[in-house]
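K.L.:
Quick one: the structure is below, questions incoming.
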Amino acid sequence: MAEAGRLVLTLYSRAWCHLCEEMLAGLQELQARRPFELEVVDIDTRPALELRFGEIVPVLMHGDRELCHYRLDAATVTDYLLNFR
């Protein structure tokens with residue numbers, strides 16, 4: 001998470017994951033309509049994250065809050081972005 005007032009979402013993914021690529025593309029489309037920062041983290045480069053998430057990728061998080069996994073839930077993420085303070 002970043003400074004107050006800035007929304008940074010984290011996408012936990014893997015380099016070889018087609019669902020991760022799909023979620024990233026969808027998030028980039030959302031960014032064009034609702035600005036937010038996106039940090040993409042390859043869990044295979046961080047053993048603790050690989051243990052935590054395993055095969056449950058992609059996972060989109062804001063801090064400790066999971067917004068969605070496997071597939072982008074655009075409605076949930078859009079609602080979250082609209083209500084973020």
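Since every read-out is calculated from the coordinates, none of them should be taken as a lab result. This one's a predicted model, so the numbers in the text were calculated from it and none came from an experiment. Neighbour counts are summed over all protein chains in view; Cβ atoms, including those assigned to glycine, are modelled from backbone coordinates with ideal geometry.
K.L.:
Once you put a point 7 Å from the Cα of Ala15 and another 7 Å from the Cα of Glu66, both along the Cβ direction, what distance in nm separates them?
P.N.:
Result: 2.6 nm between the two label points.
K.L.:
Which of the following values of semi-axes √(5λ) of the Cα gyration tensor in Å was calculated from the structure shown: (1) 55, 10, 8; (2) 31, 13, 10; (3) 21, 14, 11?
P.N.:
Correct label, based on the coordinates given: (3).
K.L.:
I've got another one for you. Taking other Cβ within 10 Å of each residue's Cβ, how do Phe53, Phe36, Phe84 sort, fewest first? Intermediate results must be reported in sequence, preceding the final value.
P.N.:
Values: Phe53 19, Phe36 16, Phe84 13.
Exposure proxy ranking, most exposed first: Phe84, Phe36, Phe53.
K.L.:
Order by neighbour count: Asp73, Asp79, fewest other Cβ atoms within 10 Å first, most last.
P.N.:
Values: Asp73 16, Asp79 12.
In increasing order of surrounding Cβ atoms, one gets Asp79, Asp73.
K.L.:
Next question, about the same structure. For helix 18-33, report the angle its Cα long axis makes with the longest principal axis of the Cα atoms of the chain; keep it between 0 and 90° and round to the nearest 10°.
P.N.:
For helix 18-33, the angle is close to 10 degrees.
K.L.:
Here's a follow-up. By count of other Cβ within 10 Å, fewest leading, how are Leu11, Leu60, Leu82, Leu30 ordered? Please report the intermediate quantities before stating the final value.
P.N.:
Working: Leu11 20, Leu60 24, Leu82 8, Leu30 17.
Ordered from fewest to most neighbouring Cβ atoms within 10 Å, Leu11, Leu60, Leu82, Leu30 come out as Leu82, Leu30, Leu11, Leu60.
K.L.:
Still on this structure, please answer the following. Amide H of Cys68 versus every other amide H placed in the peptide plane: which residues, excluding those fewer than 5 positions away on the same chain, fall under 5 Å?
P.N.:
Hits under the 5 Å cutoff: Leu60.
K.L.:
Give the relative contact order (percent, whole number) for the chain; include only Cα pairs under 8 Å separated by 6+ residues.
P.N.:
37
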